Amino acid sequence: MQTQAHRQQALDRPVRSAMVERLLYFCPVSSGGIADYAHAQATSLAAQSVKVTLLCASNWPHPQNTAYQQLRELPVLGQANKLPRWISRLRFVRHLLTSYFRLRRIIVREEFQRVLLASYIEYLAPVWAPRLRSLSRSGVVFGAIVHDPVRDHVVGPSWWHRWSIVEGYSFLREAFVHADIDLGMNRHHPDLRTTVIPHGPYDFPEPTKSRRDIRDELSLPQDSVVLLSFGNIRDAKNLDRVLQAMVDFNSIFLIVAGSESISGQKSSSYYQELAKRLGIANRCRWLTKFIEPNMAANLFAGADFALVTYSSSFRSASGVMNIAARYRKPVLASSGASALRAAVERYELGVFVEPDSASAIAGGLTTLLRACPVGDWDAYLRDNSWVTNARQVMNAMDLARFSVRLPLY
């Protein structure tokens, strides 16, 4: 009988007997969770003998000597935090359309037959999607990682939003999700295939500073309980409710570390003002910038718990939780029905609470302080690997021409 260890060894071995196929991986963003995910996934696909070309911008953060080839031909989307909203949106529109039009040109120029999008997006899809749909009709296979399957951020009239969602899926054959979910495309695109894939842990570095040193740097009491909210500052992370829940916990401090989000989201200044009104500003530390991996490692080392308190509309996996898994840091989590919830509850990686509720967050904090679960991190990391992720993508997109499918376990 094949043991779990033997199955894992077989899974971790690169596939040598496959006919090597070319994949164009399209990632127009250079920072944040999507970029981190794209790098990890492209690296794993390349390790499985796929010739991956990553189409990205010139400011892609990873060096050229990666396992995959880099094609830095996309425009750079600069920071727009201090620009008027209309200018910021105009820049975003120009960047979006230029990136997708350039994608089509490179597919044709380099004769790619397999294309994977780092994320699904519907914004302005009626404008750019027809150009890709014509390629799919001629035999190009498109797939996309659907990180956020619930598209409830409406831009423009509701009819335009619905049309945009349909158009955004119109040229895809493969949709990759992190939890079993109905994308609602059966009527519009009955041939769209959905595959659930795991979200692997990120290969972040070891901390370079001790817990004591990082707390001293941030003026955090050594005996305090420190929460870490990591990543882009977005409304869906319920940071306002976290601040409200902290009022009754005098020993809890908070680090908010991450970049400002795009326009239309509350800025860090809103949350800082809220913390002042609640009387807890002295217990909050704000690092509102892009956090380098080494700094991220130190922040996780200095914290006691990681926050992944998403809203009920969140139905996917959390990149932040997979960084927390790297450092075996318990989480306080909330979301809708999702891979995040399933992982936290199945492997006891922390405490899961009702979403969108300050009182529920307060109850979760009480549980963490009294009896924090001892997570089965080893099992979680074993069951959610990038190798499995890559092989499921390869199988779905016919990147491995076998008489049998690639083993997943």
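The values are calculated or read from the model by the stated rules, or taken from the named source; none is laboratory data. Everything quoted here is computed from the prediction, not taken from an experiment. Cβ sites come from the backbone with ideal geometry, for glycine too, and all protein chains shown count toward neighbours.
Here are the criteria: (1) buried (at least 20 other Cβ atoms within 10 Å of the Cβ); (2) in contact with a helix residue (DSSP H, G or I) (Cβ under 7 Å, 6 or more places away or on another chain); (3) modelled with pLDDT of 95 or more. Tell me which single one GLU73 does not satisfy.
(1)
Could you give every pair whose Cβ atoms fall below 9 Å, whose first residue belongs to the stretch 234-262 and is free of Cβ contacts under 8 Å to residues at least 40 places away in the same chain, and whose second residue is acidic (Asp, Glu) and assigned to a helix (DSSP H, G or I), counting only separations of at least 6 or pairs across chains?
SER261/ASP235
Look at the stretch 126-152 and say how many of its residues are in a loop (DSSP other than H, G, I, E, B), in contact (Cβ under 8 Å) with a residue 12 or more places away in the chain and not aliphatic (A, V, I, L, M).
Pass one, the stretch 126-152, residues in a loop (DSSP other than H, G, I, E, B): 138-140, 146-152.
Those still in the list that are in contact (Cβ under 8 Å) with a residue 12 or more places away in the chain too: 139-140, 146-152.
Those left that are additionally not aliphatic (A, V, I, L, M): 139, 147-149, 151-152.
So the answer is 6.
Restricting to the stretch 348-390, what's the tally of residues that are under 20 Å from ILE323 (Cβ atoms), of a type outside the set (S, T, N, Q) and part of a helix (DSSP H, G or I)?
12
When the residues of the stretch 373-409 are filtered to those that are of a type in the set (Phe, Trp, Tyr) and modelled with pLDDT under 90, which remaining residue is surrounded by the most Cβ atoms within 10 Å (Cβ to Cβ)? Full working, then the answer.
Step one: list which residues in the stretch 373-409 are of a type in the set (Phe, Trp, Tyr), which gives 377, 380, 386, 402, 409.
Pick out the ones that are also modelled with pLDDT under 90 and you get 402, 409.
Details: PHE402: 14, TYR409: 11.
Restricting to residues being of a type in the set (Phe, Trp, Tyr) and modelled with pLDDT under 90, the top hit is PHE402.
Restricting to the stretch 104-125, name every residue that is in contact (Cβ under 8 Å) with a residue 60 or more places away in the chain and closer than 22 Å to TRP160 by Cα. Break it down into steps so the answer makes sense when it comes.
Pass one, the stretch 104-125, residues in contact (Cβ under 8 Å) with a residue 60 or more places away in the chain: 106-107, 110, 112-119.
SER119 - this is the single residue of the stretch 104-125 that is in contact (Cβ under 8 Å) with a residue 60 or more places away in the chain and closer than 22 Å to TRP160 by Cα.
Considering only the stretch 108-133, state which residues are touching a strand residue (DSSP E or B) at 6+ places or on another chain (Cβ under 8 Å) and surrounded by 16 or more Cβ atoms within 10 Å (Cβ to Cβ).
Start the filter on the stretch 108-133 by keeping residues that are touching a strand residue (DSSP E or B) at 6+ places or on another chain (Cβ under 8 Å), which leaves 110, 112-120, 132.
Scanning the stretch 108-133 gives PHE112, GLN113, ARG114, VAL115, LEU116, LEU117, ALA118, SER119, TYR120, LEU132.
Which of (1) more than 30 Å from ARG328 (Cα to Cα); (2) modelled with pLDDT under 90; (3) in a loop (DSSP other than H, G, I, E, B) is the odd one out, the single condition PRO190 does not satisfy?
All conditions pass for PRO190, except number (2).
Looking at ALA324, is it at pLDDT 90 or above, within 17 Å of the chain's Cα centre (by Cα) and under 25 Å from LEU45 (Cα atoms)?
Details: at pLDDT 90 or above: yes; within 17 Å of the chain's Cα centre (by Cα): yes; under 25 Å from LEU45 (Cα atoms): yes.
So ALA324 fits the description; yes.
Among the residues of the stretch 222-240, is any closer than 22 Å to TRP377 by Cβ, touching a helix residue (DSSP H, G or I) at 6+ places or on another chain (Cβ under 9 Å) and among the small types (Gly, Ala, Ser)? If you could, list the steps in order and put the result at the bottom.
As a first pass, look at the stretch 222-240 and keep what is closer than 22 Å to TRP377 by Cβ: 225-231.
With the extra rule that they be touching a helix residue (DSSP H, G or I) at 6+ places or on another chain (Cβ under 9 Å), the set shrinks to 225-231.
So of that shortlist, the ones also among the small types (Gly, Ala, Ser) come out as 229, 231.
Yes, there is a match, as at least one residue in the stretch 222-240 is closer than 22 Å to TRP377 by Cβ, touching a helix residue (DSSP H, G or I) at 6+ places or on another chain (Cβ under 9 Å) and among the small types (Gly, Ala, Ser).
What number goes with the only condition from (1) modelled with pLDDT of 95 or more; (2) surrounded by 15 or more Cβ atoms within 10 Å (Cβ to Cβ); (3) hydrophobic (A, V, I, L, M, F, W, C) that PHE101 does not pass?
If we test PHE101 against (1) modelled with pLDDT of 95 or more; (2) surrounded by 15 or more Cβ atoms within 10 Å (Cβ to Cβ); (3) hydrophobic (A, V, I, L, M, F, W, C), just (2) comes out false.
Restricting to the stretch 317-345, count the residues that are more than 16 Å from GLY32 (Cα to Cα) and either outside any helix (DSSP H, G or I) or of a type in the set (Gly, Ala, Ser) (or both).
Kept after step one, since they are more than 16 Å from GLY32 (Cα to Cα), are these residues of the stretch 317-345: 325-345.
Those still in the list that are either outside any helix (DSSP H, G or I) or of a type in the set (Gly, Ala, Ser) (or both) too: 325, 327-339, 342-343.
Result for the stretch 317-345: 16.
Is it true that some residue in the stretch 16-38 is among the β-branched types (Val, Ile, Thr), outside the structural domain of ASN232 (by TED's automatic domain parsing), at pLDDT 85 or above and crowded, with 16+ Cβ neighbours inside 10 Å?
Keep residues of the stretch 16-38 that are among the β-branched types (Val, Ile, Thr), which gives 20, 29, 34.
With the extra rule that they be outside the structural domain of ASN232 (by TED's automatic domain parsing), the set shrinks to 20, 29, 34.
Still in the list and also at pLDDT 85 or above: 29, 34.
Among the residues that remain, those that are also crowded, with 16+ Cβ neighbours inside 10 Å are: 29, 34.
Yes, because at least one residue in the stretch 16-38 is among the β-branched types (Val, Ile, Thr), outside the structural domain of ASN232 (by TED's automatic domain parsing), at pLDDT 85 or above and crowded, with 16+ Cβ neighbours inside 10 Å.
Got a sec? Which of GLY231, GLY279 is closer than 25 Å to ARG151 by Cβ and touching a residue at least 24 places away in the same chain (Cβ under 8 Å)?
Details: GLY279 fails: closer than 25 Å to ARG151 by Cβ.
Matching residue, one of GLY231, GLY279: GLY231.
Quick one: GLY156 ticks every box in (1) more than 20 Å from LEU192 (Cβ to Cβ); (2) small (Gly, Ala, Ser); (3) in contact with a strand residue (DSSP E or B) (Cβ under 7 Å, 6 or more places away or on another chain); (4) not in a helix (DSSP H, G or I) bar one, so which box is it?
Answer for GLY156: the failing condition is (3).
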